[in-house]
Structure formats: structure tokens, C-alpha cells
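Presented below is the structure to which this report refers.
The values are calculated or read from the model by the stated rules, or taken from the named source; none is laboratory data. Values in this document were obtained by computation on a predicted structure and should not be read as measured data. Every residue, glycine as well, gets a Cβ built from its backbone with ideal geometry; the counts of neighbours run over all protein chains shown. Please note that ligands, DNA and RNA were not included when accessible areas were found on the heavy atoms of the full protein model with its side chains. Shrake-Rupley method; radii C 1.70, N 1.55, O 1.52, S 1.80 Å.
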Amino acid sequence: MDFMQILQLVIPAAIFSAAPLIFTALGGVFSERSGVVNIGLEGLMLMGAFTGALFTILGEQWGMGAASPWFSLIVAIIIGMLFSLLHAVASISFKADQVVSGVALNFLAAGLAIFLVKKIFDAGQTPIIQERIYKTDVPFLSDIPFIGPLFFSSAYYTSYIAIALAFVVWWILFKTPFGLRLRSVGEHPMAADTMGINVTKMRYVAVMLSGGFAGLGGAVYATSIAGNFSHATISGQGFMALAAMIFGKWHPLGAMGAALFFGLAQSLSITGQQIPGLKEIPEVYLLISPYVLTILALAGLVGRADAPKAIGQPYEKGKR
Amino acid sequence: MKLLKGKWSAITVPVLSVALGLLVGGMIMLVSGYNPIVAYAALFNGIFSNSYVLGETVRQMTPLILSGLAVAFAFRTGLFNIGVEGQLLVGWLASVYVGLQFEGLSPLVHIPLAILAAGVAGAMWAFVPGFLKAKYHVHEVITTIMMNYVALHVVNAIIRTYLLAPGERTDQINQSASLQSSFLQTVTDFSRLHYGFVVAIIGAIIMWFLLWKTTTGYELRSVGFNKYASEYAGINVQRNIILSMVISGAFAGAAGAMEGLGTYGYMTVMADFTGVGFDGIAVALLGANSAFGVVLASALFGGLKIGALNMQSVAQVPTQLVEIVIAMIIFFVASSYLIHWISNRVNKRGKI
């Protein structure tokens, strides 16, 4: 097996498994940049995956055909936003511990999604969806020698949307007044409040954006990778997205890079058996690498990762 | 309204939260077309109606108490140990390993040795986040989550490489390390009840004694109240942060030993987490981080989980309803600001 074949095996797989992580990590960037810890990404992703599978099946029944998964993605964004409101209300308005509230959100999502699956389908998982998001060759670009087969052949459109969105989020956060306000609320809410920024409103918007993105990430996972929804569909991808966000230093492009890298590690742990040289490395090292790297990054051993200043603290007007 | 103030709030907030959680659960059942009264009656019967379900409830409580103690202990020092799940897994593995290794030991030596090994393994796993927090100010929430996944994959790899028996699991541990008891099983109509609940109660007493009757406990709590004041008073904050995580991890490891030596007697290759560690967070929150509260909260959550099985077979309500109720209870406990806010409002106006 020559080098080109190895790359052709590994890179598309990496981009493929990274897409849901990128969406969710971008959501995490919004929330945490505004000063709200979002451990609930896992639960939001889970609700997104459930919604994605459910509404793809409904879309099929309603005669939407190949548009069904795309329809389900939109519904998943809305459901994600609504579901994240719980986290927002508890941690922003009621000043609950943000970590506790996120943990509760994860519990609730896991319970509610399976409860509804059992109620609706009378089974432990949804049926396999018929209309999945399939691989396609991007016209023209896939004909470019070398780059074409690696990056633009048999890939999912959702992967490109994820990468494009990372740049959009970067532009929003760092080049628009809205982004400046959002970040200022996460760094020094009192100063932001003094300047007339509505801290509560900004944080609500940020948490709901994170819900929408994580819901999208979960739905993309269900409609492209998993093909259905069961209790095991989302098991840790949300936490891995959280890790990607931190490893990417709370920066949209960093988060995207980290998600791609974690996707690579994941795809290597699956495809590694076919690649000479990698066969000898036990799978476990690849599986734990995203988590170990994140810990090392936080300890300052792989570049310093500093969280937004006001993260985790509820804001109370007039309190010093 | 006096009930919402001062020392009473430690009791009223959890009780009110449980009531509200069950209420939300009832509303969800109504909306989805189940009869909440039939369901809750079945749930109640599923906890108390016979010796079998009582035995199962106590068995379910056992690891919950220890994982709840683990979370609560760290909370007292102002640390949030979400890593109980991972510490529990390494503890489970360590206890099974010791249970497999030694033969011909007296149970009086073998069982404590296996539990000790589990505690040490959990403590070592928790040392990493504790050390990083103390030394590099890395937030323990993130590191403990990451350590959970590292534990899951590493434990699986160790079982697959060194301890594999047919059926994706380890061999059964030697009888001398087992907490299982044919006597307890017989009196409870062959439930899986084992002597682990004695260990869990001892654990609760140890936590209470350590926190409230020793200098170390005083220092740990002091760091939890105010790091800077403690440092000013000459308490070594870094040492206490690490110590708190290590002790918390030891409780978590012991929770794993309850599964390894008691309920199962072996360990399987895990596809996912047990959930016991995460439930420990709910238990500690509802139990207001006190040893006694943790035991009570474990009884409630353990009971709900066992009762849910009967609820499903009698009223056809999926067991996941109980998870929803538990999640809502955490939300309400965590949002106790709301309850205090309402009570303050009412008091200021001089009404009620």
C-alpha cells in the first residue's frame, strides 16, 4: 500500500468523523465565550441526534424524499435551541451552578430521548433511516490532481458546511459588534453591563446558539454516520467536542482544527489495522489520544489554554 | 416561610425538589398518554412490595452511596469531581484483579485487600486532576471528564490484553474475595443483595468522621469555604486540594469494588459508562453533601431505579421516566436560588 492510498483512506475518514464534532465545538465556543460553561453539549447533541433520526423518518413518510435528512437538520437546530433554554434559565436566571445544570441537561436528554423513542416506536431504537446524507464527489474540484481525491471525492456536504461555518463563526465573534459584545460579557460582565450591554440577554443568545449548533452536530451524526438513533448513538461525542473546543483554545478555527485532529485519531483507530506500521500500535493509544492531549494542553504542556475570564460565574447586577 | 430559611432549608429544598421532580414526571406521563397514578403506585410497589425488590433496592443503593460520598467529599473542598465514573472503573478492575490473583486467603484478609486495591486505584486516578488543579490551576471538571474516557479505554484494553475470559469479560473472582452471600440471597428471595452495603455504611461513617472530627477534615472544609482565607491562616491549600481528590477517588474506587466483588464478581469489557458515577453527582447534590444525606438520597434514587422496572411492566411506562425525574430533581436543587428568591420576596413584602 503506497502513501497516497494511505492518505486516501485516512483523510476522508477523518473529515467525515470530524464534522459533528466541529458543529458541536463551535456551539461550545459561543456559550463559553459568553461566560457560560456548557457541559450539556453531550445532552444537546443527543437530542439533536434523536431529532435528526425521528424527523428524517417523518420526512420520508411525508414524501420529502432525499430532502428529509436536510429537513431534519433544521428541526434539530430548533429543538437544540429550545432544549438549551433549560440550561440558560437554570444557570443564567436562577444562578444555578453551570456545571451542575449541564450535568442535569445530559441526564434529561438521555432519559427523554429514549423515553420518546420507546413511546413513538415501541422499541429501544429508531428504525434505520432510508434517506441518509450520502457521499458525493464535488463537481470540478474532485478532478484536481492530488488534492481532489483527498479532499473533494466521496465526501459529505455536511463536512464542508462544518468547515465553512467555522470561518463564519470566527468572523461573527471577532469582526462584528455582536461578537465583541458576546466576548466582553464572558471576560468582564460588569464592565460590559456598564457599557450598556445586556449581559443576561447576550448569555441567553449564546447558550441558545450553542444549543442550535450542538443539535445540528448530533443530527449530522445520526443522518450521516449512525443511520438511526439508539441509546448508544451519542456516547461521548459531546464531551469530545468540549475537549476540541478547549484544545482549540476557545477559538472557532482552533476548535475546528482540534476536531479535525480528533477525527483523524478516531478514524485511525478504525482504519489503522489496514495501514502498515500503525498495526503495531495498540488501538487504545489512538482512542485516548484526544483526551490525553486535552489534559496536556490544559496543563500548559502543549501550548497554554486560557478560559474566558468570567467563565462559570453567574452575573449579579451590582455585586462586586 | 421559616422553613425556607437557615438550617431548615437544607431539608426543605431537597424535599420540595423531589416533589416537583415527581410532579414534572407525572405531567410528562399525562401528556404522553400514561396514567401517572397507576404508574407511581406501581413504582412504589416495585420498591417495597416484597423482600426481593427490597434486596435489589439495597443492592442498587450500595455503589450509589459510595459514589455519592465521593462527589460530596470533593464538593466539601470546593472541587467538582465528575470523574467518579472513571475512578469507579479502575477501582472495579483493581478489585477484580486482586480477587483473581490470590488463592487460599481467608475472606477476612482477601476482601479488605481487594477493596483497598480498588480504593488505591481510584485514588491514583483522581490524583492526576487533583495534582493539575493544585499545581497548574487546571479546572478539575474538564480533566476529570477527560480522565473518564481514558479510564474507559484503558480498562477495556487491559481486560482484552491480560484478563480476557470467554464472553468479553474476566474470569469469576475467587470465592474468598466475594461479597456475595447465599444467606442474604435466601432471605431476600434470591435478589443479588450482598455484604457491600455494610462497606457503604462504613464509608459514610468514615466520611462523617474525617470531615467533622479530625483536623484534616477541618482544613479540607476550610479550603472549600475560602481558599484565600485558609492560605492566610496557614493551611496548605495545594496539599488539601490533592488530598481531597485522592480521598474522593478512593470512595469512587470502593464503589467499583462493590460491583466487582458484590453484584457481578467479574468485570466485562465496557461499551459505555455504568452511570453510577454520574448518578453520584445527583445523590451528592440532593444529599446536601452530608454523609447522612447521601445515604438517604441513594435510597431514593436506588429505589426509583428498581421501582421503575415494575412501573414498566405494570403501567407500560418506559424506565427512562425515572431518569427524567432525577434530572428534574437536580435542576430544582441547583436552582434553589429561585426558591430562596421567592421566599425573600414574600418576606420583604411582609406577607405570608
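Scanning the range B:205-263 for residues that are at pLDDT below 95 and of a type in the set (Gly, Ala, Ser) yields B:GLY217, B:SER222, B:GLY224, B:ALA229, B:SER230, B:ALA233, B:GLY234, B:GLY260, B:GLY262. Answer yes or no: is there a residue in the range A:74-83 that is within 12 Å of another protein chain (Cβ to nearest Cβ) and open to solvent by 30 Å² or more (accessible area, probe 1.4 Å). Taking every residue of the range A:74-83 in turn, none turns out to be within 12 Å of another protein chain (Cβ to nearest Cβ) and open to solvent by 30 Å² or more (accessible area, probe 1.4 Å).
Got a number for residues in the range A:245-257 being open to solvent by less than 30 Å² (accessible area, probe 1.4 Å) and modelled with pLDDT of 90 or more? Please lay out each step first, then the result.
Filtering the range A:245-257 down to residues open to solvent by less than 30 Å² (accessible area, probe 1.4 Å) leaves A:245-246, A:248, A:250, A:252, A:254-256.
From what is left, the residues that are modelled with pLDDT of 90 or more are A:245, A:250, A:252, A:254-256.
Residues that pass the stated criteria total 6.
Can you find a residue that is under 24 Å from A:TRP250 (Cα atoms), free of Cβ contacts under 8 Å to residues at least 24 places away in the same chain and open to solvent by less than 80 Å² (accessible area, probe 1.4 Å) anywhere in the range A:139-160? Among the residues of the range A:139-160, at least one is under 24 Å from A:TRP250 (Cα atoms), free of Cβ contacts under 8 Å to residues at least 24 places away in the same chain and open to solvent by less than 80 Å² (accessible area, probe 1.4 Å), which makes the answer yes.
Given the structure, is A:ILE22 of a type outside the set (Asp, Glu), within 20 Å of A:TRP70 (Cβ to Cβ) and open to solvent by 20 Å² or more (accessible area, probe 1.4 Å)?
Numbers: of a type outside the set (Asp, Glu): yes; within 20 Å of A:TRP70 (Cβ to Cβ): yes; open to solvent by 20 Å² or more (accessible area, probe 1.4 Å): no.
So A:ILE22 fails the test.
Taking the criterion of being aromatic (Phe, Trp, Tyr) and crowded, with 24+ Cβ neighbours inside 10 Å, the only residue of the range B:244-267 that qualifies is B:PHE251.
Apart from one condition, A:SER224 fits all of (1) of a type in the set (S, T, N, Q); (2) outside any helix (DSSP H, G or I); (3) under 16 Å from the mean Cα position of the chain (by Cα); the exception is (2).
Among the residues of the range B:312-350 satisfying the criterion of being of a type in the set (Ser, Thr, Tyr) and either at pLDDT 90 or above or within 28 Å of the chain's Cα centre (by Cα) (or both), which is surrounded by the fewest Cβ atoms within 10 Å (Cβ to Cβ)?
First, pick out the residues of the range B:312-350 that are of a type in the set (Ser, Thr, Tyr): B:313, B:319, B:335-337, B:343.
So of that shortlist, the ones also either at pLDDT 90 or above or within 28 Å of the chain's Cα centre (by Cα) (or both) come out as B:313, B:319, B:335-337.
On the way: B:SER313: 12, B:THR319: 20, B:SER335: 25, B:SER336: 20, B:TYR337: 16.
Across the range B:312-350, the extreme among qualifying residues is B:SER313.
From the residues in the range B:223-232 that are over 24 Å from the mean Cα position of the chain (by Cα) and assigned to a helix (DSSP H, G or I), which one is surrounded by the most Cβ atoms within 10 Å (Cβ to Cβ)? That would be B:SER230.
Against the definition (more than 13 Å from every other protein chain (Cβ to nearest Cβ) and either open to solvent by 40 Å² or more (accessible area, probe 1.4 Å) or outside any loop (DSSP other than H, G, I, E, B) (or both)), how does A:VAL207 come out, yes or no? Spelling it out, A:VAL207 is indeed more than 13 Å from every other protein chain (Cβ to nearest Cβ) and either open to solvent by 40 Å² or more (accessible area, probe 1.4 Å) or outside any loop (DSSP other than H, G, I, E, B) (or both). For A:SER289, indicate whether it is within 11 Å of chain B (Cβ to nearest Cβ) and at pLDDT below 80. Judged against the criteria, A:SER289 is not a match.
Within the range A:210-238, which residues are hydrophobic (A, V, I, L, M, F, W, C) and over 15 Å from A:GLU42 (Cα atoms)? I'd like the intermediate steps shown before the answer.
As a first pass, look at the range A:210-238 and keep what is hydrophobic (A, V, I, L, M, F, W, C): A:213-214, A:216, A:219-220, A:222, A:225-226, A:229, A:232, A:234.
Hits for the range A:210-238 are A:ILE225, A:ALA226.
If the condition is being under 19 Å from B:LEU193 (Cβ atoms) and open to solvent by less than 30 Å² (accessible area, probe 1.4 Å), then the range B:43-60 contributes B:GLY46, B:ILE47, B:VAL53, B:GLY55, B:GLU56, B:THR57, B:ARG59.
Among the residues of the range B:156-166, which ones are modelled with pLDDT under 90 and under 18 Å from B:THR274 (Cβ atoms)? Hits for the range B:156-166: nothing passes.
A:GLY218 satisfies every condition listed in (1) over 16 Å from A:LEU21 (Cβ atoms); (2) buried (at least 21 other Cβ atoms within 10 Å of the Cβ) except (1). In the set B:LEU220, B:LEU211, B:LEU163, only one residue is open to solvent by 10 Å² or more (accessible area, probe 1.4 Å), in contact (Cβ under 8 Å) with a residue 40 or more places away in the chain, out of contact with any Pro (no Cβ under 8 Å at 6 or more places or on another chain) and aliphatic (A, V, I, L, M); that residue is B:LEU163.
A count restricted to the range A:103-134 and to residues that are touching a residue at least 60 places away in the same chain (Cβ under 8 Å) and farther than 28 Å from A:HIS87 by Cα stands at 7. Under 7 Å between Cβ atoms, at least 6 apart or on separate chains: pull out the pairs that start in the range B:137-156 with a residue that is more than 7 Å from every other protein chain (Cβ to nearest Cβ) and end on any residue that is assigned to a helix (DSSP H, G or I) and among the charged types (D, E, K, R). So the pair list comes out as B:GLU140/B:LYS133; B:ASN148/B:GLU85. Within the range B:70-111, the set of residues being acidic (Asp, Glu) and open to solvent by less than 20 Å² (accessible area, probe 1.4 Å) comprises just one member, B:GLU85. Of all the listed residues (A:ALA123, A:ALA88, A:ALA113, A:ALA104), the sole one being more than 22 Å from the chain's Cα centre (by Cα) and either within 24 Å of A:VAL205 (Cα to Cα) or within 14 Å of chain B (Cβ to nearest Cβ) (or both) is A:ALA123.
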